[in-house]
Every structure is written in structure tokens, then in C-alpha cells.
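Student: A single structure is presented below for examination.
The values are calculated or read from the model by the stated rules, or taken from the named source; none is laboratory data. Because the structure is a prediction, the values reported are computed rather than measured. Note: ideal-geometry Cβ built from the backbone for every residue, glycine included; neighbour counts use all protein chains shown.
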């Protein structure tokens with residue numbers, strides 16, 4: 001009998017959770033994709049993996065030479 | 001044989017109806033596909049990343065890697081029982097922290113750079129203060145977070161005072177590091193929680209699990225906001241898209257996928273030309289244009305997120321890639337592997 005009760009409680013909780021998840025407001029995939037595209041567009045120029053480094057000086061991973069201009 | 005409880009039956013029916021309603025609502029907003037919307041944009045250039053630094057030092061499999069918020073230092077955890085803090089710009093080891101347990105599975109760097117956390121089969125999460133040494137000259141342990149009934153699989157600092165952890169006992173825990181006490185402790189998934197990724201605004205996070213689903217959580221709540229189904233096997237890795245609108249996943253089912261939060265569904269699927277291995281980790285470039293997944297097949301696969309094309313692979317590791325981290329400023333990608341090496345790709 002106890003098992004049935006806790007089973008019931010669990011079922012109730014699962015159903016309540018699903019009810020919450022089903023009730024959320026959704027936007028259209030078309031709008032969602034447009035928003036993602038917009039973000040990517042706005043940040044493309046800063047993305048080193050996309051546009052590379054503006055100059056070797058901007059690349060902190062480069063080998064530092066030991067010569068300096070006097 | 002006792003008769004089936006009528007209330008239970010009623011609930012089961014309601015559950016089935018709700019599942020159907022959810023699927024219908026998702027279908028309703030699926031008015032187009034990612035491929036259709038992005039069909040006319042130009043292809044992304046081929047990614048040209050090479051191993052700029054090959055970091056050697058661990059003497060066993062390296063299981064986890066995470067960049068600091070300064071985009072320069074990263075922490076790795078290995079089965080050799082050590083954490084190493086690396087300066088990726090020079091390749092130098094800044095600190096070596098011997099662990100009490102060598103079974104480390106997950107590491108995290110606080111965005112501030114002040115703390116690192118790690119844990120694994122010791123069923124604990126240990127937090128080290130990198131700015132304070134103990135009597136042996138090693139970073140001081142400031143917290144040992146216990147009470148897990150399963151291995152620690154993932155951890156992330158929300159800030160210097162707050163840590164979220166996922167574990168093999170299927171739970172998520174939120175810790176207040178100042179008091180050393182849990183502020184939240186709840187059942188999260190129907191299987192091991194494997195991966196956690198924080199949203200760019202730190203207000204929400206996603207988790208991936210062995211139960212094949214991913215869930216979206218509000219940092220203040222114990223009930224999940226949304227659940228995403230679709231993967232056919234363990235979700236090994238989740239990563240928030242920098243836009244905050246979506247997140248990517250890498251799975252044992254040999255696919256990577258992109259999920260939109262507000263549309264509440266999967267919007268893209270990515271697979272390499274020869275899909276023969278599961279993905280263990282994933283990361284997204286700064287703009288969100290590239291998705292990178294580390295694989296069992298020793299390489300990192302790269303895709304154009306918008307055009308879903310496979311853009312290339314990063315070859316170099318000689319064994320399974322276990323973890324991947326993209327620097328916050330987007331300049332580098334760090335990977336670690338069972339081949340004991342750490343690579344910085346620039």
C-alpha cells in the first residue's frame with residue numbers, strides 16, 4: 001500500500017512537471033533561427049577562429065622573438 | 001492481484017495526453033528549418049587551426065580541461081592524480097596540485113581565476129585556492145564538498161562563492177562556498193548527470209545526461225524549466241551558444257545537435273562524413289558560427305552551425321579526446337586526451 005502511495009506521489013510530481021513544461025510560451029523556429037543568425041553576424045568580426053588575427057602582434061600565442069628595435 | 005489503482009491510471013492517461021500536447025505545441029512552431037532559413041548565406045571559411053602548443057607533463061590519461069576567465073590559463077585533471085595549471089601563452093606549468101584521489105573526472109576554473117575545483121570517483125568535489133599556499137607550498141584546499149552517492153561528473157563556478165555540480169547519483173547540487181553548505185540538492189535526471197554548461201548571463205544552465213535528455217535550469221530553482229529529447233544515447237556534453245538562445249550537445253549516438261531554447265526543440269543535427277565514433281565534449285566559437293566536438297576517434301570535428309556542413313577536423317591527439325574548452329575571448333581551443341597530452345589550437 002505504501003509503495004502505491006509513493007508511486008502515486010511520484011506520478012503526480014512527474015505530471016505536474018510535465019504540465020509546467022507543456023505550458024511554456026514558444027516562439028517560431030523561423031524567428032529563433034533569425035535571432036541566432038543576427039547574433040553570429042554581429043560578432044563574426046571578433047571571432048578569431050573565423051577571421052584569424054588582425055596582425056601577428058595580436059596573437060598572444062606567437063613565439064616571441066628576442067630581437068627588439070632600438 | 002490487486003486492481004490497478006484508478007487514480008494512478010488517471011494520472012498515466014494525463015501524462016500521455018501531456019506528452020502528446022507538448023509534441024503538438026513544438027510542431028506548431030516548427031514553421032521552417034534551420035537549413036531553409038540559412039540556405040542563402042555564404043559558406044563559412046575553412047577553419048585553419050593548428051596545435052600552437054603541445055603541453056606535456058601528465059603521465060596518465062587527462063580527463064578534463066577548463067579555461068580560466070582570463071583566456072590565458074587553463075586547468076587539467078589527470079588520472080596521474082594531479083591538477084596542472086598551465087599558462088597557454090608560454091606553455092609553462094604555473095602550478096601542480098597533487099590530489100588526494102587520482103580518480104579525477106571533472107575540473108573547473110573559476111572565471112576570476114582564483115579557484116579551481118575537481119572531483120571524480122572519490123565522490124567529492126574539492127576546491128583549491130590558487131592564491132594561497134599551504135605549508136608544503138601547494139594551493140590550499142578551501143572546501144571539500146561531500147555527500148554525493150555517486151561520482152562527481154561535472155562542476156562549474158557561477159562565481160567565486162557559488163558552485164554547481166552534477167553527479168553519478170543523478171543529482172544536481174548548488175554549493176555556497178563561503179559556508180561550505182549546499183543551498184540546493186535535487187534529483188535532476190533519470191541517469192548520471194554528465195555535463196553542465198552555464199548560460200552567458202549565468203542565470204540559467206543546461207545539463208546533459210546518460211538518460212539521453214538535456215534539461216534547462218534556472219540557477220535559483222530546483223525544478224527544471226524545459227527538457228529536450230532527441231539523442232539516442234548518452235548526452236556526453238552540453239555547451240551554451242554565446243547568443244544564449246540555444247545550446248549544442250555531443251552524444252554517444254555519434255551526432256552533435258543544436259537546440260533552441262525559446263522554440264523548445266532541436267533545430268539542427270551534425271555528423272562527420274564517417275560517423276563511427278561518439279562525441280565526448282563540445283565547444284562553440286565566440287560568434288557562435290563554429291561547433292567543435294572532441295571524439296573517440298582522436299580528432300576534433302568542426303561544423304558550420306548555420307549551414308550544418310562539416311568544416312574540418314583537428315588531428316593530432318593519438319587517443320580519445322576527453323575534454324575541450326574554448327577560451328573566453330575566442331582565440332584558442334584547448335583539448336586533452338587519453339594520450340596524456342594537452343593541445344592548444346590557435
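Student: Between B:266, B:203, which is within 26 Å of residue A:41 (Cα to Cα) and surrounded by fewer than 20 Cβ atoms within 10 Å (Cβ to Cβ)?
Tutor: Numbers: B:266 fails: surrounded by fewer than 20 Cβ atoms within 10 Å (Cβ to Cβ).
From the options B:266, B:203, the qualifying one is B:203.
Student: Restricting the search to the stretch B:269-303, which residues are more than 23 Å from residue A:42 (Cβ to Cβ) and out of contact with any strand residue (DSSP E or B) (no Cβ under 8 Å at 6 or more places or on another chain)?
Tutor: Result: B:274, B:275, B:276, B:297.
Student: Residues to consider are B:122, B:134; find the one that is away from every other protein chain (no Cβ under 14 Å) and at pLDDT below 95.
Tutor: Checking each option against the conditions leaves just B:134.
Student: Any residue in the stretch B:239-253 that's on the phi > 0 side of the Ramachandran plot: show its pairings with residues that are at pLDDT 95 or above at Cβ separation under 6 Å, as long as the two are six or more apart or on different chains.
Tutor: B:244/B:199; B:244/B:200
Student: Looking at residue B:321 and the list (1) buried (at least 21 other Cβ atoms within 10 Å of the Cβ); (2) more than 23 Å from residue B:228 (Cβ to Cβ); (3) within 16 Å of the chain's Cα centre (by Cα); (4) within 14 Å of another protein chain (Cβ to nearest Cβ), which single condition is not satisfied?
Tutor: In the conditions (1) buried (at least 21 other Cβ atoms within 10 Å of the Cβ); (2) more than 23 Å from residue B:228 (Cβ to Cβ); (3) within 16 Å of the chain's Cα centre (by Cα); (4) within 14 Å of another protein chain (Cβ to nearest Cβ), residue B:321 misses (4) alone.
Yes/no per residue for (1) at pLDDT 90 or above; (2) surrounded by fewer than 14 Cβ atoms within 10 Å (Cβ to Cβ); (3) under 21 Å from residue B:225 (Cα atoms):
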{"position": "A:5", "(1), (2), (3)": "no, yes, no"}
{"position": "A:30", "(1), (2), (3)": "yes, no, no"}
{"position": "A:45", "(1), (2), (3)": "yes, yes, no"}
{"position": "A:55", "(1), (2), (3)": "no, yes, no"}
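Student: Here is a follow-up. May I ask you to verify whether residue A:13 is more than 7 Å from chain B (Cβ to nearest Cβ), in contact with a helix residue (DSSP H, G or I) (Cβ under 9 Å, 6 or more places away or on another chain) and at pLDDT 90 or above?
Tutor: No: the conditions fail for residue A:13.
Student: So in the stretch B:5-45, with the set limited to residues that are in contact with a strand residue (DSSP E or B) (Cβ under 6 Å, 6 or more places away or on another chain) and either surrounded by fewer than 13 Cβ atoms within 10 Å (Cβ to Cβ) or more than 30 Å from residue A:15 (Cβ to Cβ) (or both), which one is farthest from the other protein chains (Cβ to nearest Cβ)? Break it down into steps so the answer makes sense when it comes.
Tutor: Of all residues in the stretch B:5-45, those in contact with a strand residue (DSSP E or B) (Cβ under 6 Å, 6 or more places away or on another chain) come to B:26, B:34, B:44.
Going one step further and asking which of them are either surrounded by fewer than 13 Cβ atoms within 10 Å (Cβ to Cβ) or more than 30 Å from residue A:15 (Cβ to Cβ) (or both), we end up with B:34, B:44.
Details: B:34: 5, B:44: 7 Å.
Here the answer is B:44.
Student: Where residues in the stretch B:218-229 are in contact with a strand residue (DSSP E or B) (Cβ under 6 Å, 6 or more places away or on another chain) and part of a loop (DSSP other than H, G, I, E, B), which of them is surrounded by the most Cβ atoms within 10 Å (Cβ to Cβ)? Give the derivation first.
Tutor: Filtering the stretch B:218-229 for residues in contact with a strand residue (DSSP E or B) (Cβ under 6 Å, 6 or more places away or on another chain) gives B:218, B:222, B:224-228.
Within this subset, residues satisfying the condition of being part of a loop (DSSP other than H, G, I, E, B) are B:222, B:224-225.
Working: B:222: 13, B:224: 21, B:225: 16.
Filtering first and then ranking leaves B:224.
Student: Of these, B:215, B:254, which one is more than 14 Å from the chain's Cα centre (by Cα), closer than 23 Å to residue B:292 by Cα and crowded, with 19+ Cβ neighbours inside 10 Å?
Tutor: Values: B:215 fails: more than 14 Å from the chain's Cα centre (by Cα).
After applying the criteria, what remains is B:254.
Student: Another question, if that's okay. Of all the residues that make up the stretch A:16-58, how many are facing another protein chain (nearest Cβ under 7 Å), over 23 Å from the mean Cα position of the chain (by Cα) and under 25 Å from residue B:291 (Cβ atoms)?
Tutor: 0
Student: Taking the residues in the stretch A:24-53 that are touching a helix residue (DSSP H, G or I) at 6+ places or on another chain (Cβ under 9 Å) and not in a helix (DSSP H, G or I) as candidates, determine which candidate is nearest to residue B:43 (Cα to Cα).
Tutor: Checking each candidate, the answer is A:47.
Student: Any residue in the stretch B:260-283 that's closer than 21 Å to residue B:322 by Cβ: show its pairings with residues that are outside any loop (DSSP other than H, G, I, E, B) and modelled with pLDDT under 95 at Cβ separation under 8 Å, as long as the two are six or more apart or on different chains.
Tutor: Short answer, once both residue conditions are applied: none.
Student: Only one of B:207, B:308 is touching a helix residue (DSSP H, G or I) at 6+ places or on another chain (Cβ under 9 Å), away from chain A (no Cβ under 11 Å) and touching a residue at least 24 places away in the same chain (Cβ under 8 Å); which?
Tutor: Of the residues listed, the single one that is touching a helix residue (DSSP H, G or I) at 6+ places or on another chain (Cβ under 9 Å), away from chain A (no Cβ under 11 Å) and touching a residue at least 24 places away in the same chain (Cβ under 8 Å) is B:308.
Student: Within the bounds of the stretch B:60-78, is there any residue that is assigned to a loop (DSSP other than H, G, I, E, B), touching a strand residue (DSSP E or B) at 6+ places or on another chain (Cβ under 6 Å) and either more than 10 Å from chain A (Cβ to nearest Cβ) or under 28 Å from residue B:291 (Cα atoms) (or both)? Working first, answer last.
Tutor: So the first thing to find is which residues in the stretch B:60-78 are assigned to a loop (DSSP other than H, G, I, E, B), and the list is B:60-61, B:68-72.
Pick out the ones that are also touching a strand residue (DSSP E or B) at 6+ places or on another chain (Cβ under 6 Å) and you get B:60, B:68.
Imposing the further condition that a residue be either more than 10 Å from chain A (Cβ to nearest Cβ) or under 28 Å from residue B:291 (Cα atoms) (or both) reduces the set to B:60, B:68.
For the stretch B:60-78, residues assigned to a loop (DSSP other than H, G, I, E, B), touching a strand residue (DSSP E or B) at 6+ places or on another chain (Cβ under 6 Å) and either more than 10 Å from chain A (Cβ to nearest Cβ) or under 28 Å from residue B:291 (Cα atoms) (or both): present.
A quick yes/no check of all residues on (1) under 19 Å from the mean Cα position of the chain (by Cα); (2) within 26 Å of residue B:148 (Cα to Cα):
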residue	(1), (2)
B:56	no, no
B:67	yes, yes
B:75	yes, yes
B:80	no, yes
B:93	no, no
B:98	no, yes
B:114	no, yes
B:117	yes, yes
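Student: Taking the stretch B:104-122, which residues are surrounded by fewer than 20 Cβ atoms within 10 Å (Cβ to Cβ) and without any contact (Cβ under 8 Å) to a residue 40 or more places away in the chain?
Tutor: Matches in the stretch B:104-122: B:121 only.
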